[in-house]
1. Before rounding to the nearest 500, sum -39500 (n - 2.57) across all DSSP H runs of length at least 4 in the protein assembly as shown and divide by the residue total; then give [θ] at 222 nm in deg cm²/dmol.
2. Taking only the alpha carbons of the range A:40-130, what extent do you get along each of the three principal axes, in Å, biggest first?
3. When the Debye formula is applied to the Cα atoms of the range B:114-258, each taken as the same point scatterer, what base-10 log of I(q)/I(0) results at q = 0.10, 0.11 Å⁻¹?
4. Considering lysine pairs in the range B:114-258 that are 8 or more places apart or on different chains, how many have Cα atoms under 15 Å apart?
5. Give me the summed buried accessible area for the A-B pair, 1.4 Å probe, to the nearest 100 Å².
6. Kindly rank B:155-168, B:37-50 from highest to lowest mean number of other beta carbons found within 10 Å of each residue.
7. I'd like the orientation of helix B:271-284 relative to chain B: the angle between its Cα long axis and the longest Cα principal axis, in ° from 0 to 90, rounded to 10.
8. Please figure out what share of the DSSP beta bridges in the range B:114-258 is antiparallel and state it in percent, rounded to the nearest 5.
Amino acid sequence: MKRRLSIGLAVVLLLAVVAVVVWGREDEPDSEITVVRGVIGSEKQAFFTDPRVVEAFAKHKIKVEVDTAGSRQIATTVDLGKYEFAFPSSSPAAQKIQRDRKVTTVHTPFQSPMAVATFEPIVKLLEANGAVRKGAGDYQVLDIAEYLELADRRWDQLPGNTAYPARKNVLITTTDPRESNSAAMYLSIVSFVANGNAVVSSAEQEAKVLPRIAKLFLDQGYTQNSTEGPFEDYLSAGMGKSPMVLVYESQYVDRLIRADGSIRPDMRMLYTAPTVYSKHTLVPLSPNGDRVGRLLATDPELGRLAATFGFRTTSPKLFAEVAGDKAPADLVDAVEPPSFETLERLLDEVKKQY
Amino acid sequence: MRKALAFLLVAGLLTACTDEPDPGQPVGPAEPGTLRVLAGSELADMRPVLEEAAKATGVTVKFSFTGTLEGAEALASGSADGAYDAVWFSSNRYPAAIPEAAKRLGNQVKIMSSPVVLGLSSSAAQRLGFAGRPVGWAEIAEKAGQKAFSYGMTDPSASNSGFSALVGVASALAGAGNAVDANQVAAVTPKLTEFFSAQALSSGSSGWLSEAFEKRAQDPAGKIDGLINYESVLLSMNAGGKLPEPLSIVYPSDGVVTADYPLTLLTGANDDARGAHQRLTDHLRTHDVQRRIAETTHRRPVVPGVELGARFTQKDLLELPFPATRDAVDALLSAYFNKIRRPSRTLYVVDTSGSMAGDRIEALRTALVGLTGADASLTGRFRGFRNREEVTIMPFDTTPREPRTFVVPEQDPRAVLAEIKSFAEGLNANGGTAIYDSLDRAYTVLAPVLAKDPDRFHSIVLMTDGENANGRDFAQFQTGFTGVPAQVRQVPVFTVLFGEGSGDELSKVADMTGGKVFDARNTKLTDVFKEIRGYQ
């Protein structure tokens, strides 16, 4: 319960100092423990403060202290001099830091594909309108090209719609593109499709896709600044408020694993076709930081704990064991996000239209 | 008054309370275990829950209450920096649209929710055929346009319930399916005008609105059919037992705007406050406390897995998109005040007796001039004299002076506002204090124009800095009041205590007329005049 509360709300540069208590090891002298300080995307704070994770690091004589900040801030405004590692939520942000700091090796211990949390009646309706179909894998997908066709219309304009005749546009609820990583991941997906199924990589392509993708954000009006916000609305307020919500797969799977009753029988998760992986990439800034990254990527216990938070791990087996039939073992139809610079330019252009 | 209430509450929560708080830090300096919160006044009802939370978590909340726009302004201007650790309004949508305010919003944790809906007396709901079936905003607007019912609503610039209602109705009536933008506001203005033609009561706060509604429900001549407010307020009124018949709640089928009460840490808060915020929000979001909040305040739980409870008859509500840009919101507010809502007829009865000489008369001049467009602040822009408003200023001393009436035109109000300004600047102090002769004179001035042109919001502001010294006394005024035409008796008198003004009699005047007393003895007169605008 506690960990959900603290997930992912720090988006305006919010540096929360989390003192990580080493449980049951007060008797050991501090000198044997190495404190490693890092700056991380806020959605991983719950993982790092979990007592089991703290214990797992302690076995390796490491105590990790983390501050949280948005991935874009970590890549641009955060003073990284204070830290031994940076751990943003996406690969474009990590690539930028890697280049700026001339780091050769990075670790990608967890990743999570983007998905849409929705409801059975909506799935049926979208299926009838050609936007939901069986994908290349053995699971249903939301076809983003078809979705873009529908997104200029209102729900009540879809033929045969008695399940959700709302006078509002067929739109996936996202977070604020000016502030949140998950919205940038969404932009990666829709820009790929709007660009004729190719990663946007030139100024011409940026200009071409911009009007289409900006509207997907602007038409939503006010958006929340953390991915936990709309997902929580989805779980507690239901279909009327947000019929389709962009989520990290990890958020949804985490709830399924917890089996706390918050995922009700009519709730569904659809992968988008295509999807992108939000690759949580640890950029080491010192040898100690590198050790933390290596442990996260290789220590089976840390991997298993990450899987219980719904993250896909370096070893697919760990995730498969924990998630069971709650999520497909392999996802197909995943594309790469644009470069950090392209993504930043697109986000800035969207921002100007607010 | 709102501020006075804030101080009372603060005093109740403080263990040691100083008499004169530092104006830069109205709820005192930062201290461990205390969260200093700038909040919407409706959160006063969370006090029992917060007292229990203080026992469980060791975190004490010190509130200072303010309105929606005032709160956004305090954030944007930086005056909240260092004075507060957190803000807690019914939503962060408005400050989020103002970049300077948005950048100060840190960790936001939603605590509870309540949609803004229409409550109608059961008989009115039956009469309109709204009972027991889905009704949309378009149908409500149509009935409103036919004057088939009347309702009260808070001022959208002062209170979030009115603000949410305005945005919700505009989005629903625009029917475009996306968030309303500035360009759509003009297109939807005729339908909005229809909808707001049935608004019979405006209020600067959600609390006063329900009080006024309850009071008027007892009076056949002043009865209003409904009010637009938070579901939680309407449910509380039904539970309170002061209404002759319960309210039926209409959940518009085309959607609502829901307040979600994010308890929001400011980015500048220190580590103590950060920890306090974490402990408090963790506690408030436990399942037991979520249920307790629903029982105490009638607001909905927001934590997944906490069941809604039987009192919330409509479980799944359609949510309307909310504009994300300040342009859209400002265009809507400006259209509401200057074009859409029924215009106001406002009579200022102001004391210019000898005791007002010096700083006081200067404060009065400044307060009136502030309403003519001189105040460029966020709140000032929406609390001045509005287009189409009829403003009468009647100074008094030993006797009532000649009233002067200004009609602000619908287009280009600048020339008339300049006239009001120069009139206000010319006010001088001398002579005695004839409060009740002057109020009586105000009624005489108002009666014929009101009879001829009743379709306006009418109100009287009575400002005095002393005791009644000339002419009839309060008892005589009270006796004479029964002789005032019924229509004019319904006009609320907003009394303003200034200098040595007597609270007792002015409270009675406000009470008799369905008005409200405002205290400008410790607050700037300019701020009080701006606050009163929410009721006009």
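1. That calculation yields -12000 deg cm²/dmol at 222 nm.
2. Computed over the Cα atoms, the extents are 54, 33, 21 Å.
3. Log10 I(q)/I(0), no solvent term: -0.30, -0.36.
4. Lysine pairs meeting both conditions in the range B:114-258 amount to 6.
5. Chain pair A/B: roughly 3000 Å² of buried accessible area.
6. B:155-168, B:37-50
7. 80 degrees
8. 60 percent
The values are calculated or read from the model by the stated rules, or taken from the named source; none is laboratory data. From a predicted model like this one, the values you see are computed outputs, not experimental measurements. A quick note on method: Cβ atoms are made from the backbone with ideal geometry, for glycine too, and the neighbour counts reach across all protein chains shown. Accessible surface areas use protein heavy atoms only, side chains included; no ligands, DNA or RNA. Shrake-Rupley method; radii C 1.70, N 1.55, O 1.52, S 1.80 Å.
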